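See below for the structure under consideration.
Where a number appears in this text, it was derived from the coordinates with a stated rule and is not lab data. Model, not experiment: these values are computed from the prediction. Neighbour counts run over all protein chains shown; Cβ positions are idealised from the backbone, glycine included.
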């Protein structure tokens, strides 16, 4: 994620959520979060447009961001 953040700069916002934090539980429920790690990509209107679980492939993320 650090590499993607550096590459995309201000064009994307990367948020990390500590799934162990009790304050995050309502967000996890709202996002139907089930696996760690999960990467969810949202468009500028907050709609989910892509999701992946497990090891995150930066090339896949870049492909999605370029679309």
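Computed on the chain, with alpha-carbon pairs under 8 angstrom and 6+ residues apart, the relative contact order is 22 percent.
Ratio of Rg to Rh for region 19-61: 0.99 [Cα atoms; Kirkwood radius as inverse mean 1/r over pairs].
Dividing the helix sum by the residues of the chain, where each DSSP H run of 4 or more adds -39500 (n - 2.57), gives a mean residue ellipticity at 222 nm of -8500 deg cm²/dmol. Between residue 15 and residue 50, the modelled labels are 1.9 nm apart [label points 7 Å from Cα along Cα→Cβ].
In this simple spin-label model, placing a label point 7 Å from the Cα along the Cα-to-Cβ direction at both residue 40 and residue 26 gives a separation of 1.5 nm.
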